[in-house]
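Participant: Pasting in a structure now, in structure tokens, and then I'll have a few things to ask.
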Amino acid sequence: MKNNIIELAQNLIRRPSISPDDQGCQQVIAERLEKLGFNIEWLPFNDTLNLWATHGNSAPIVAFAGHTDVVPTGDESLWTYPPFSAEIVGDMLYGRGAADMKGSLAAMVVAAEEFVKANPNHAGTIALLITSDEEAAAKDGTVRVVETLMERGEKIDYCMVGEPSSTQKLGDVVKNGRRGSITGNLYIEGIQGHVAYPHLAENPVHKAVLFLHDLTTYQWDNGNEFFPPTSLQIANIHAGTGSNNVIPGELFMQFNLRYCTEVTDEIIKNKVAEMLAKHGLKHRIEWNLSGKPFLTTPGKLVNAVVQSLEKVAKITPQLDTGGGTSDARFIALMGGEVVELGPLNATIHKVDECVNLTDLATLGEVYQQMLENLLNQ
Ligand SMILES: [Zn+2]
């Protein structure tokens, strides 16, 4: 299994698939799976390639999800080994995408292959959902595949996303949820004028002060067992022309909330509107929702993954919902259970990105054991 995973990971890393250009990675995977009887479906949207491969026709659907695209390398001369050469040094495999996430992608594909070879008539369906735009816009990838599946009345019951979740040791962290992220772009209007004639102007900074106090001190919630409390941060604020004798005509501010499952984007928008109204501020506001929060409470999938890690890797993972957003937020919209488990994230998006080969082999065994637990018991 180990050599199989390494070879596939190297093959994928040698294709410079800067988001959203797949560079033939998904073709390599599709050809392998097709040989084992997987049904291959291509779901391209605009410049993004998506693969939906399935084996079996019944419920439950257990899916692996991942992406073939990588972030740019930056200055290649800073890399110890060329970023698309997939160099192996000792027990480490180097290259852009080694940890995020061509390594775990290779582990998933080989785990699915091994499981199907050993259990050709397994219960349920094994699926792979692979996209090429996770790192960039994330508009034509997983989200569109999920929409397509939902339109057809199909639903992923259990989904393993291969994002690099581990921090110190393989399997020490499994992500079972993510916070939501929403941004507000707020323009508070005043009337520009001469500072010597304030009665002819209206200063939006002065008018906004008490509102800002309310906004930044409001306690949205207390968090819960799985999430820290919702937090609002002002990221940008600006008013004024640069001159000391002009009262600004407008104040712009941008704030972002990382929010937990105790509130919703609707609750947040309504509360901000209420604060603006309380202070009588003339304004306009644009909201940008990057992702709703989701949570997979310990149940069948979490248990299957924890048991697999304990059995194969001899480690009990910590369940965690920290970090930024990932494509898991889209898959969770289907209402199934979603978790993320992948290799160490210490070098992702960095120069000299690398992954440990023993970890990849262990990861493949854990993925395969997870299939055993979900489909063969
Ligand atoms: Zn990733």
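Participant: Within the set of pairs 6 or more residues apart or between chains, which connect a residue that is free of Cβ contacts under 8 Å to residues at least 12 places away in the same chain inside region 52-78 to a residue that is aliphatic (A, V, I, L, M) with Cβ atoms less than 6 Å apart?
Facilitator: Filtered contacts from region 52-78: no entries.
Participant: Taking region 46-71, which residues are of a type outside the set (A, V, I, L, M, F, W, C) and either under 16 Å from LEU12 (Cβ atoms) or assigned to a strand (DSSP E or B) (or both)?
Facilitator: Across region 46-71, the qualifying residues are THR48, ASN50, THR54, HIS55, GLY66, HIS67, THR68, ASP69.
Participant: Quick one: which of GLY180, GLY190 is at pLDDT below 95 and within 30 Å of MET253 (Cβ to Cβ)?
Facilitator: Going through GLY180, GLY190 in turn, just one is at pLDDT below 95 and within 30 Å of MET253 (Cβ to Cβ): GLY180.
Residues are listed down the side, and each one gets a yes or a no for (1) without any contact (Cβ under 8 Å) to a residue 60 or more places away in the chain; (2) under 20 Å from THR167 (Cα atoms); (3) among the aromatic types (Phe, Trp, Tyr):
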site: PHE226; (1), (2), (3): no, yes, yes
site: ASN236; (1), (2), (3): yes, no, no
site: VAL246; (1), (2), (3): yes, no, no
site: LEU257; (1), (2), (3): no, no, no
site: GLY291; (1), (2), (3): no, no, no
site: VAL305; (1), (2), (3): no, yes, no
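Participant: Can you spot a residue in region 135-144 that is more than 16 Å from the ligand (Cβ to nearest atom) and part of a helix (DSSP H, G or I)?
Facilitator: Within region 135-144, one or more residues are more than 16 Å from the ligand (Cβ to nearest atom) and part of a helix (DSSP H, G or I).
Participant: Looking only at residues that are within 16 Å of the ligand (Cβ to nearest atom) and not small (Gly, Ala, Ser) in region 124-134, which one is nearest to SER290 (Cα to Cα)?
Facilitator: Of everything passing the filter in region 124-134, GLU134 is nearest to SER290 (Cα to Cα).
Participant: Of all residues in region 146-184, how many are closer than 24 Å to ASN57 by Cβ and more than 16 Å from the ligand (Cβ to nearest atom)?
Facilitator: Total meeting the criteria: 13.
Participant: Here are some conditions: (1) within 17 Å of LEU295 (Cβ to Cβ); (2) out of contact with any Asp or Glu (no Cβ under 6 Å at 6 or more places or on another chain); (3) within 16 Å of the ligand (Cβ to nearest atom). PRO228 meets all but one. Which one does it not meet?
Facilitator: (3)
Participant: Then there's this: Would you check if GLY74 is in a loop (DSSP other than H, G, I, E, B) and of a type outside the set (Ser, Thr, Tyr)?
Facilitator: Here the answer is yes, as GLY74 does meet what is asked.
Participant: Can you name every residue in region 15-35 that is touching a residue at least 60 places away in the same chain (Cβ under 8 Å) and surrounded by fewer than 16 Cβ atoms within 10 Å (Cβ to Cβ)?
Facilitator: PRO16
Participant: Further question on the same structure: Six or more apart or on different chains, Cβ atoms under 7 Å: show the pairs whose first residue is in region 336-348 and within 17 Å of LEU105 (Cβ to Cβ) and within 13 Å of the ligand (Cβ to nearest atom) and whose second is assigned to a strand (DSSP E or B) and basic (Lys, Arg).
Facilitator: GLU340/LYS175
Participant: Residues LYS175, LYS169: which one is closer than 24 Å to VAL302 by Cβ, surrounded by fewer than 19 Cβ atoms within 10 Å (Cβ to Cβ) and either among the basic types (Lys, Arg) or in contact with a Cys (Cβ under 8 Å, 6 or more places away or on another chain) (or both)?
Facilitator: LYS169
Participant: Residues in region 184-233 that are surrounded by 16 or more Cβ atoms within 10 Å (Cβ to Cβ), assigned to a strand (DSSP E or B) and within 27 Å of the chain's Cα centre (by Cα): how many?
Facilitator: Final tally of qualifying residues: 3.
Participant: Inside region 99-123, can you point out the residues that are within 16 Å of the ligand (Cβ to nearest atom) and either of a type in the set (Phe, Trp, Tyr) or touching a Pro at 6+ places or on another chain (Cβ under 7 Å) (or both)?
Facilitator: ALA99, ASP100, MET101, GLY103, SER104
Participant: From the residues in region 77-98 that are assigned to a strand (DSSP E or B) and among the aliphatic types (A, V, I, L, M), which one is nearest to the ligand (Cβ to nearest atom)?
Facilitator: Top of the filtered list is LEU93.
Participant: Oh, and also: Name every residue in region 79-104 that is in contact (Cβ under 8 Å) with a residue 24 or more places away in the chain and among the charged types (D, E, K, R), in order of residue number.
Facilitator: Those that are in contact (Cβ under 8 Å) with a residue 24 or more places away in the chain and among the charged types (D, E, K, R): ASP91, ARG96, ASP100, LYS102.
The values are calculated or read from the model by the stated rules, or taken from the named source; none is laboratory data. Keep in mind it's a predicted model, so treat the numbers as computed, not measured. Counting neighbours? That spans all protein chains shown, and the Cβs are built from the backbone with ideal geometry, glycine included.
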